[in-house]
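Okay, so here's the structure we're looking at.
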Amino acid sequence: MAAERSPRIVVGVSTSLAGLAALRLAVEEARRRGIGHIAAMRSWPDASRGRSAPWAADVIRICLKTVDAAATAVFGGTPMGVGIEALAPRGRPGPELVRFVTDERDMIIVGTRRRYLPGNGVGGYCARHAPCPVVIVPPPSMIGRGHTHRLTRSLRRDLDNVETPQ
């Protein structure tokens, strides 16, 4: 008899405010459920149309760096008690997130840019096709008040000035 697989928490990663909130929520949910690690996914579209893509290794490396940058922005590195498995599959984000989950006990968490229509895009695709619960994290309410580009530039500038421990 095969050992039963523990449930997974899969989070779609971006460096947007909603994406960072989704990563934080995924780690909190893993701690609440007693799950030792989460899968943090940053997929990339396949522009090669099935042909050889010599640049694929560079794109994968950038996607994995994005996952690391998001973890550093949220937690200052790896969060305590929960490991982050970085994944960079080739394909569109919604289908890749859904393809990764196999059990109704799993959970998908994604951020969205839309505060009032979160059912479109990646989150909506996952909600319609995933066999498990999907949590769609909206952007903070301050985003709807304008000046988002200025706020984002300011946050990125602040993050660039934070020294990481060596």
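The values are calculated or read from the model by the stated rules, or taken from the named source; none is laboratory data. Note that the coordinates shown come from a computational prediction; the quantities given were computed from them, not determined experimentally. Quick note on the areas: whole protein, heavy atoms, side chains included, nothing else; ligands and nucleic acids left out. Shrake-Rupley method; radii C 1.70, N 1.55, O 1.52, S 1.80 Å.
For (1) within 15 Å of the chain's Cα centre (by Cα); (2) in a loop (DSSP other than H, G, I, E, B); (3) basic (Lys, Arg); (4) at pLDDT below 95, each residue gets a yes or a no:
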site	(1), (2), (3), (4)
ALA2	no, yes, no, yes
ALA18	yes, no, no, yes
GLY50	no, yes, no, yes
ALA53	no, yes, no, yes
ALA57	no, no, no, yes
ARG61	no, no, yes, yes
ASP103	no, yes, no, yes
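Which residues, taken from the stretch 120-166, are of a type in the set (Val, Ile, Thr) and modelled with pLDDT under 70? Correct list: ILE143, THR148, VAL162, THR164. Filter the stretch 97-117 for residues that are open to solvent by less than 30 Å² (accessible area, probe 1.4 Å) and either more than 26 Å from PRO140 (Cα to Cα) or polar (S, T, N, Q) (or both) and give the result. Passing the criteria: VAL101, THR112.
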